[in-house]
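Novice: One structure, as structure tokens, below. Some questions next.
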Amino acid sequence: MQQQRLIVLGATGSVGESTAEVVLAARDRVGVDGLVAHRSGERLWKLGRQLEANWVGLTDQPAARALAAAHGGEKPRVVAGLDAIVEAIQSSPADRVMSAMSGFSGLVPTLAAIERGMDVLLANKETLVAAGELVIGSARQSGSRIIPVDSEHSAIFQCLANAQPPLGVILTCSGGPFRGRRPSDLAGVEPAEALNHPTWNMGPKITIDTATLMNKGLEIIEAHWLFGLDYARIRVIVHPESIVHSMVEFEDGVVMAQLGVPDMRVPIEVAMAWPERWAIPVPHLSLAGRSLTFEPPDEETFPALTLARAAGEAGGLYPCALNAANEIAVEEFLAGRISFLNIATLVQSVLEAGNWAGPADSLEAVLECDARARAAAVSRSAVG
Ligand code: NDP
Ligand code: MG
């Protein structure tokens, strides 16, 4: 059996750790070349030893220096800083990259892997939101495949296998911890409440995004790029049980859904094994006695969904600006500097105040827009 060679970006995060579990369950099929994190040095080192990686990289230079000083000369080799990590990716024998860093920070290393022609198992949706045109164009050029890991997009990917082009897709949405609440109930929400997701256990940024429903908005844009669908063909339905992971609708009225327990190890395994399926140690779904419910999203209480769809439809640099403003707004909320409802208000004010109509067709344009939207969000947050 041919072994895959894998690089994991964001190895110490929630998706990264689940990826490590899938790799350990499929040891004979997957070898690990490199692992990347930001500054969790010792955690990364431990994973590197456990997965027998050749190198581990930290984007934070002081953390990388400390790790190298503690383990100099041992395997895995320590790679320090983003530039050296990009070089390690460009010279790596790996054929697949798990892209699971958080937020916009994933863009540059993910693009490096795509340019090298590696297949990308994509959890890091912000990369596609901010630079969809660039990422998809560059994958087309290099022949790299982008296989979704986000559970909804994995579900759609599986439903689409060997089928006709879809009429549309229906993204399911848990509704987050505040489903059923009204804006007046949400004014005084504390970060700890918003961090308590009912069905998924994830990193802090995406957990806040699921509370505002911005996560579903980002996923609409992600689906547009992954499946080449017009926005009108991408719908959202709230499904609090998180068992149906998304659906695909065909011309003849047939709807296909993918079901399973809410556990990220499944879409990670699907992306790694595709087109095979591997056995992994997750509980199997038991439906007897369970009800599955569906309701429309409440866009009045959760305007982030409307904002993201509008930014996607506006195109150009709007989605990049939306993503950057949202990353700042989430940081500000987690630091206790703005209220929960102000997350969407801040994003909206950044989108309305700037000119984001230019093309998002180069890395320079995307980086410049990201920096400009972050600065606008920081100054507006201080004012508001
Ligand atoms: P976490 O916050 O749990 O982990 C983030 C990872 O990225 C950590 O390894 C962190 O390293 C690393 N990281 C953060 N910033 C940088 C940086 N500047 N340079 C290098 N590495 C960095 O996030 P999640 O695992 O929850 O999410 C990862 C991505 O996957 C996100 O884009 C999210 O939207 C997406 N996703 C997540 C799902 C989930 O279930 N968690 C589901 C679907 C999509 P360190 O530990 O050193 O800080
Ligand atoms: Mg998702």
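Novice: What number of residues within region 214-236 satisfy the criterion of being of a type in the set (Asp, Glu) and surrounded by 20 or more Cβ atoms within 10 Å (Cβ to Cβ)?
Specialist: The first filter runs over region 214-236 and keeps only residues of a type in the set (Asp, Glu), leaving 219, 222, 230.
From what is left, the residues that are surrounded by 20 or more Cβ atoms within 10 Å (Cβ to Cβ) are 219, 222.
Of the residues in region 214-236, 2 are of a type in the set (Asp, Glu) and surrounded by 20 or more Cβ atoms within 10 Å (Cβ to Cβ).
Novice: Which ones in region 171-230 are of a type in the set (Val, Ile, Thr) and within 15 Å of the chain's Cα centre (by Cα)?
Specialist: Across region 171-230, the qualifying residues are 206, 207, 208, 210, 220, 221.
Novice: Need a quick list: helices (runs of 4 or more DSSP H) entirely within region 80-168 having at least 3 residues that are surrounded by 24 or more Cβ atoms within 10 Å (Cβ to Cβ) and within 16 Å of ligand 2 (Cβ to nearest atom).
Specialist: On the way: elements: 82-90, 107-115, 125-142, 151-160.
It comes to 125-142, 151-160.
Novice: Does residue 208 meet the test of being more than 13 Å from ligand 2 (Cβ to nearest atom) and closer than 30 Å to residue 331 by Cβ? Working first, answer last.
Specialist: Details: more than 13 Å from ligand 2 (Cβ to nearest atom): yes; closer than 30 Å to residue 331 by Cβ: yes.
Here the answer is yes, as residue 208 does meet what is asked.
Novice: Would you say residue 211 is away from ligand 1 (no atom under 13 Å from the Cβ), surrounded by 21 or more Cβ atoms within 10 Å (Cβ to Cβ) and part of a helix (DSSP H, G or I)?
Specialist: Here the answer is yes, as residue 211 does meet what is asked.
Novice: Next question. Could you run through region 237-279 and say how many residues are among the small types (Gly, Ala, Ser), outside any helix (DSSP H, G or I) and surrounded by 23 or more Cβ atoms within 10 Å (Cβ to Cβ)?
Specialist: Total satisfying the criteria: 1.
Novice: Suppose we filter region 127-156 for residues that are within 10 Å of ligand 1 (Cβ to nearest atom) and over 18 Å from residue 361 (Cβ atoms); how many remain?
Specialist: 7
Each reported figure results from applying straightforward, stated rules to the coordinates on display, with no laboratory input. The model shown is predicted, which means the values in this text are computed figures rather than measured ones. Quick reminder, even Gly has a Cβ in these numbers, built from the backbone with ideal geometry, and neighbours come from all protein chains shown.
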